[in-house]
Structures are given as structure tokens and as C-alpha cells.
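Novice: Before I ask anything, here is the structure I am working with.
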Amino acid sequence: MLKTDDLKPATSSNGNQLAIIGIGCLFPKAGDKDAYWANITDGIDAITEVPPTHWPVDAYFDEDQKSPDRTYGRRGGFLSPVDFNPMEFNIPPNVLEAIDTSQLLGLIAAGQALKDAGYGPERAWDKSNVSVILGVTGTLELVIPLGARLGHPIWRSALKDAGVDEETAKDVVERISDSYVSWQENSFPGLLGNVVAGRISKQYDLGGTNCVVDAACASSFSALHLASMELNSGKSDIVVTGGIDTFNDIFMYMCFSKTPALSPTGNAKPFDVSADGTILGEGLGIVVLKRLADAERDGDRIYAVVRGVGSSSDGKGDAIYAPSAAGQKKALLDAYKNADVTPESIGLLEAHGTGTKVGDAVEVSALREVYGKADQPWCALGSVKSQIGHAKAAAGSAGLIKAALALHNKVIPPTIKVQTPQKEVVADNSPFYLPAHKRPWFPRPDVPRRAGVSAFGFGGSNFHVVLEEYRPEKEAADWDGNTQIIPLSGADAAAITAKLDTVPAGSAEAASAWTAVRDFALASRSSFDAKAPCRLALVAEHDKTNLFSLVKNARAMLAKNDKSAWQTPDGAYFACGGVPGKLGVLFPGQGSQYNGMLNDLACSFPQVLDALVTAD
């Protein structure tokens with residue numbers, strides 16, 4: 001299935017590979033990258049009712065999708081209130097109402113990312129060639145109230161036609177005007193999308209290019225595309241890039257309601273048979289990029305490597321908002337060509353996955369054409385929109401950060417709300433499976449872990465990004481062998497019990513005994529059959545695990561002949577060596593099981609996973 005081309009050294013045909021060295025983000029129920037990743041892996045649903053801070057639901061909601069000037073949506077993903085000290089950013093408090101939220105929160109997210117990258121205020125560094133290139137859609141939230149104030153001639157005319165006297169009409173017009181933000185000196189820059197990047201450059205004294213780009217819901221990837229060209233051309237040495245979207249007001253709900261694209265039931269369920277639309281979200285996802293060679297030279301922490309970016313346009317087709325499988329396929333193939341990889345080497349695909357019937361169907365069609373068929377599913381398919389909603393201009397960066405952290409932590413994250421996957425996704429020898437729970441991302445012996453991330457926008461703007469785990473030369477020495485996984489497989493419980501009899505259960509305190517355990521573990525990993533009906537994994541830690549007791553507990557568990565004792569109770573897929581299945585585990589010092597125990601272990605000790613397929 002994997003091509004020989006995947007075995008050669010990684011070289012990208014579109015220039016130097018790039019390193020993600022810093023992450024900053026604000027997403028629903030997550031004020032930074034750590035909270036965001038924890039929510040993703042724990043399957044937290046951040047979709048809520050529209051809060052009063054955004055718009056009054058009772059005034060605008062109507063379940064009738066055709067009701068004029070009403071929305072049938074009342075749920076979404078919303079940012080939690082953020083403490084903002086304007087003086088910290090040299091902004092006079094009295095002008096805050098004239099500055100768009102995206103500009104204000106952009107300062108916070110960018111500051112997080114720069115500090116996370118090691119380029120915070122405590123460090124002196126050359127900022128002259130540091131650029132800020134962001135994805136921001138053309139309309140910001142302040143445009144609506146400021147524009148609404150200009151309706152006063154229409155209001156006066158309507159009041160006059162209704163027979164309202166001039167004095168009362170004047171009072172009514174003033175009352176309406178006072179309910180909106182007033183025009184002032186800072187209004188113009190306060191509503192401009194490009195100033196989102198401009199304020200960041202100014203605040204952090206960054207001297208490179210600063211601009212924003214608009215590709216609708218693919219905006220953050222169009223920004224990433226430009227950022228990669230800046231770095232590969234040598235124009236910039238560092239680029240702060242990503243997407244920002246805090247525009248979740250009633251205007252945006254009306255836009256999506258009249259398309260119509262919102263879920264009437266209030267949940268985005270990408271790739272599920274019951275999917276009926278998307279849910280709007282908001283967020284800010286910022287990454288700091290550097291050329292990989294420069295990041296290695298400077299000793300930067302590297303979350304993931306950007307191997308290549310693919311882009312395309314749909315060309316001539318149906319309605320301007322209708323997605324095209326051919327256009328998306330072109331972007332996917334362009335990305336894999338630029339990254340010099342094959343689709344078969346991708347272990348995680350973070351899809352655009354909005355949850356709309358048409359959108360998901362088109363995307364699946366393109367993916368199945370590119371990825372082909374397989375004897376066993378090997379690529380995890382998901383969409384973070386099921387948890388935070390569709391963050392529009394920040395949608396791509398939300399997926400990018402999710403995938404980068406998955407690579408960094410060696411974890412396959414879940415996609416929630418998928419009860420019954422669409423047959424188009426998983427049937428007919430599909431290479432895809434939809435993980436419902438987090439699980440360790442086992443490595444393959446011949447290629448690094450890789451992820452693909454998609455973002456598509458109205459007008460046929462298609463982008464796909466290939467990420468790869470960062471594997472430095474010294475990584476092999478990071479695991480000292482003091483934790484061993486002993487996987488056993490067989491046709492039934494009796495076969496597993498027989499193999500337990502061969503486990504060296506002497507005193508693990510003796511050096512010779514531990515050497516025997518290591519040798520046995522290595523042999524077990526080599527002979528382990530991931531497709532066997534029964535599978536059990538033992539975990540032993542040097543100087544901590546009583547193997548005799550562990551094996552005794554395992555025999556007792558198997559003697560019950562109760563499959564629920566050693567198989568995942570919910571029957572969820574479990575990725576092991578690229579092959580989905582079920583796997584049980586006996587944890588050191590414990591004789592009982594709980595669902596997800598192996599996941600918790602392996603997700604906490606990702607370096608042990610590499611031992612499953614590499615020399616001991």
C-alpha cells in the first residue's frame with residue numbers, strides 16, 4: 001500500500017519545509033492551546049445556546065426556515081469572556097467600543113503564539129523580517145452597527161409616512177441611533193480587516209509584511225499559503241499566521257440561515273447519517289512558522305513540520321456557493337505533490353467536514369477518489385467542527401492546530417457526535433475510519449506520522465495542507481526501555497492464557513530478569529497479530545511491576561471467559577499499527593479494567609509506542 005517513494009528522505013518540491021514553533025488560540029471553551037487540546041482529546045462539546053452577549057434569541061429566532069429576517073439557528077460555538085487590559089496594548093480605554101473584537105483578541109492570540117515559540121517580551125531578537133499574514137473575512141462585526149446608523153433618513157421617512165409628528169419622530173430616531181456604536185475618529189481603522197494584522201505588527205514591533213487575505217472559510221489556509229511563500233523566498237524569517245473570526249452575530253446567522261446551511265437540530269455531525277447542517281463557531285488560531293532548518297539551528301521546539309500546501313479553484317461549475325469534488329481533488333493532489341508524499345502515508349485527515357449533506361458528500365467523493373480502496377481502514381477521518389462549530393475564517397487554523405498537536409502528542413483525537421458513519425465514508429473497502437475516542441497514534445516502521453488538513457471556501461477556494469511529525473536524529477535515545485509493552489494475540493482466551501505461561505515472571509529487580517523481560521517484549525511485539533480475534537497487552541515498568549502478580553491477574557481475568565473484561569466495552573475502533581480493532585490491557589498494579597485504559601497509558605507515554613515497531 002505504501003509506495004517506495006515514501007521511503008526516501010523528506011524533500012519538498014515547493015521549497016524548504018517549514019516548522020510550527022508556536023501556537024496561540026482562543027476557541028469556544030478554550031482560552032489557550034492546552035485547554036483546546038484537552039477539550040479535543042476529552043471529546044468536550046463546546047456548542048451552546050446563543051449567549052446574551054451576542055444577540056437576543058427571542059427577537060430573531062423562528063424555526064420556520066423561510067421566515068423573513070429570522071434565523072432558525074439558536075446554537076453555536078462562542079468564545080468565553082476574555083479579560084482585556086487596553087493599557088497593556090497601548091489602547092486608550094475610551095476608544096475600545098470603536099475597535100473590532102477581532103483586532104483586540106488578535107493581540108492576545110498572537111502574543112500567546114510568540115511567547116509559546118520562545119519569542120516573548122523577555123527575549124531580545126531580530127524582528128525586522130517577521131511578518132504577520134492572517135486569514136480574515138472581509139466583513140467585521142463593527143461594519144453592521146456603524147452602517148445601521150446611516151439608516152436614519154429611511155427611519156424618518158417611514159415615521160412621517162406613518163403620521164408620526166416631527167418631534168416624536170426625532171426622539172425615536174435618536175433612540176434608535178443611540179442603540180448603535182457611534183462614529184468617531186477610530187471607527188474607520190477599527191472596522192478594517194487588515195488592521196487585525198496591523199495592530200499585531202505594531203504591538204510586537206514586527207517589521208516584515210503585514211496583511212490579511214480573504215478566501216471565505218479557507219482564509220486561514222490562504223494566509224498559510226502566502227506565509228509559506230514568504231519563508232521559502234527568503235523574504236521573511238518568521239511568519240505569524242493563521243485565521244481570526246469573532247463574527248458570530250445575528251448578521252452571520254442570517255447569512256447561513258438563508259443559504260440555508262445551519263443545522264435545524266442544533267448540532268454539526270460531520271459524516272454521520274443524521275447530519276443536517278453546520279453550526280457556526282468563532283475563534284482565533286495563530287501559529288508561528290519558521291524554515292525547518294532555521295528552527296533546528298536555533299533550537300526551537302517544533303510541534304510539526306509543514307511539508308506542503310496545495311491549492312486550487314473549482315473553475316466553471318454550478319452556483320458560486322456549490323462545492324466541487326473535482327476542485328477539491330485537485331487541491332489534495334497538489335498538496336501531496338508539493339509535499340512529495342502519497343495519500344497512503346497519511347494517518348490522520350482533518351477534513352473541512354462542515355456537517356452539511358451536500359458539502360460532506362462532495363468532500364467524501366473527492367477523498368475517496370484520491371485515497372482509493374483498502375483491505376483495512378488505515379486513515380482516521382475527523383472534523384473539529386463537531387466540537388467547536390464552523391469557525392469560518394479560522395476554520396482551517398482550528399484544524400491545523402488540532403492536527404499539529406495530534407502529531408506532537410502522538411495521539412489520534414476523536415470526532416464526537418458520529419453515531420452511524422455514512423456508508424459513503426466507511427463502506428466499499430474504505431481507507432477511512434471515524435475514531436470516537438482518543439487513542440494512541442502508533443507509528444509505521446517505514447514512514448513518519450503524517451496528517452492532511454483541508455479548508456474550502458465559497459467561490460471555489462480550495463486548500464489542503466500536509467503536516468508531518470518532527471523526528472530529530474536524537475529522538476531514538478529519548479526512550480530508555482524501562483517501560484515495556486508486551487502484546488499477546490491469539491484465536492481465543494485459551495491461546496492468550498497459554499502465552500501468559502511463557503512470560504518471564506521472575507523478579508524484575510534483578511538485571512538479568514529485566515533483560516529477559518525486554519527480550520520477551522521485543523519478540524512479542526514482532527509476532528503480535530493486530531488482526532487476531534483476541535488481543536491483550538501487558539505493561540511492565542522496571543523496578544515497579546511485579547510480573548508474577550500481573551500475569552496471575554491476567555489469567556484470572558481470562559478465566560472468566562468474559563469478553564467484556566478484555567475487549568473495549570463499546571466496541572470502538574482502536575488504531576494499532578495502522579489497523580483498527582479492539583485491544584484489552586492489564587495495567588501495572590491493577591487487576592480490573594476501565595474503558596480507555598490503554599488509550600490513557602499510550603497517550604501519556606507516546607515514546608513507548610515507537611518501541612512497538614522499532615528495534616529495542
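The values are calculated or read from the model by the stated rules, or taken from the named source; none is laboratory data. If you're wondering where the values come from, they're calculated on a predicted model, not measured in any experiment. Glycine also receives a Cβ, built like all others from the backbone with ideal geometry; neighbour counts cover every protein chain displayed. The area values use the complete protein model at the heavy-atom level, side chains included, leaving out ligands, DNA and RNA. Shrake-Rupley method; radii C 1.70, N 1.55, O 1.52, S 1.80 Å.
Novice: Tell me yes or no: at least one residue of region 94-112 is among the charged types (D, E, K, R), out of contact with any helix residue (DSSP H, G or I) (no Cβ under 7 Å at 6 or more places or on another chain), more than 25 Å from A395 (Cα to Cα) and free of Cβ contacts under 8 Å to residues at least 24 places away in the same chain.
Specialist: Taking every residue of region 94-112 in turn, none turns out to be among the charged types (D, E, K, R), out of contact with any helix residue (DSSP H, G or I) (no Cβ under 7 Å at 6 or more places or on another chain), more than 25 Å from A395 (Cα to Cα) and free of Cβ contacts under 8 Å to residues at least 24 places away in the same chain.
Novice: So which residues in region 329-373 are within 19 Å of L407 (Cα to Cα), in a helix (DSSP H, G or I) and of a type outside the set (F, W, Y), if there are any at all?
Specialist: Result: A335, A339, P343, E344, S345.
Novice: Looking only at region 271-324, filter to residues that are of a type in the set (A, V, I, L, M), touching a Leu at 6+ places or on another chain (Cβ under 9 Å) and open to solvent by 10 Å² or more (accessible area, probe 1.4 Å); which one of those is nearest to A395 (Cα to Cα)?
Specialist: I302
Novice: In addition: List, please: which pairs have Cβ atoms under 9 Å, are six or more places apart or on different chains, and start with a residue in region 293-311 that is free of Cβ contacts under 8 Å to residues at least 40 places away in the same chain and end with one that is surrounded by fewer than 20 Cβ atoms within 10 Å (Cβ to Cβ) and not basic (K, R)?
Specialist: What qualifies is D298/G118; G299/G118.
Novice: Take Q387 and decide whether it is assigned to a loop (DSSP other than H, G, I, E, B) and touching a residue at least 60 places away in the same chain (Cβ under 8 Å).
Specialist: So Q387 does not fit the description; no.
Novice: Let me ask something additional. For G135, are the conditions met, namely being touching a residue at least 24 places away in the same chain (Cβ under 8 Å) and open to solvent by less than 10 Å² (accessible area, probe 1.4 Å)?
Specialist: Yes.
Novice: Please verify whether V309 is of a type in the set (V, I, T) and touching an Asp or Glu at 6+ places or on another chain (Cβ under 7 Å), treating the condition exactly as stated.
Specialist: no
Novice: Just checking, does region 139-148 include any residue being open to solvent by less than 40 Å² (accessible area, probe 1.4 Å) and part of a loop (DSSP other than H, G, I, E, B)?
Specialist: Scanning region 139-148 turns up at least one residue that is open to solvent by less than 40 Å² (accessible area, probe 1.4 Å) and part of a loop (DSSP other than H, G, I, E, B).
Novice: Still on this model: Does D294 satisfy the condition of being touching a Ser or Thr at 6+ places or on another chain (Cβ under 9 Å) and of a type in the set (D, E)?
Specialist: Taking the combined requirement at face value, the residue does not satisfy it.
Novice: Can you tell me how many residues within region 325-344 are open to solvent by less than 10 Å² (accessible area, probe 1.4 Å) and either farther than 25 Å from L18 by Cα or at pLDDT below 95 (or both)?
Specialist: 1
Novice: Test I40 against the stated conditions and say whether it is among the hydrophobic types (A, V, I, L, M, F, W, C) and either under 30 Å from A293 (Cα atoms) or in contact with a strand residue (DSSP E or B) (Cβ under 7 Å, 6 or more places away or on another chain) (or both).
Specialist: The answer is no for I40.
Novice: If you don't mind, there's one more thing I want to ask. Here are some conditions: (1) surrounded by 16 or more Cβ atoms within 10 Å (Cβ to Cβ); (2) within 26 Å of E541 (Cα to Cα). T502 meets all but one. Which one does it not meet?
Specialist: Just one mismatch for T502, condition (1).
Novice: From the list A169, A218, A197, exactly one residue is modelled with pLDDT under 95 and small (G, A, S). Which is it?
Specialist: Selected residue: A169, the only one of A169, A218, A197 that is modelled with pLDDT under 95 and small (G, A, S).
Novice: While we're on this one: Could you run through region 406-418 and say how many residues are open to solvent by 10 Å² or more (accessible area, probe 1.4 Å) and either within 23 Å of K373 (Cα to Cα) or under 11 Å from the mean Cα position of the chain (by Cα) (or both)?
Specialist: So the count comes out to 1.
Okay, residues lined up against (1) touching a strand residue (DSSP E or B) at 6+ places or on another chain (Cβ under 9 Å); (2) at pLDDT 80 or above; (3) not charged (D, E, K, R):
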residue: N462; (1), (2), (3): yes, yes, yes
residue: D492; (1), (2), (3): yes, no, no
residue: D501; (1), (2), (3): no, yes, no
residue: E509; (1), (2), (3): no, no, no
residue: A516; (1), (2), (3): no, yes, yes
residue: A523; (1), (2), (3): no, yes, yes
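Novice: Select from region 103-138 the residues that are outside any helix (DSSP H, G or I) and charged (D, E, K, R) and list them in ascending order.
Specialist: Within region 103-138, E122, R123, D126, K127 meet the criteria.
Novice: Is it the case, given these coordinates, that I496 is in contact with a Gly (Cβ under 7 Å, 6 or more places away or on another chain), crowded, with 17+ Cβ neighbours inside 10 Å, at pLDDT 75 or above and closer than 26 Å to P377 by Cα?
Specialist: Yes, satisfied.
Novice: So, in region 149-165, exactly how many residues are open to solvent by less than 60 Å² (accessible area, probe 1.4 Å) and part of a loop (DSSP other than H, G, I, E, B)?
Specialist: 1
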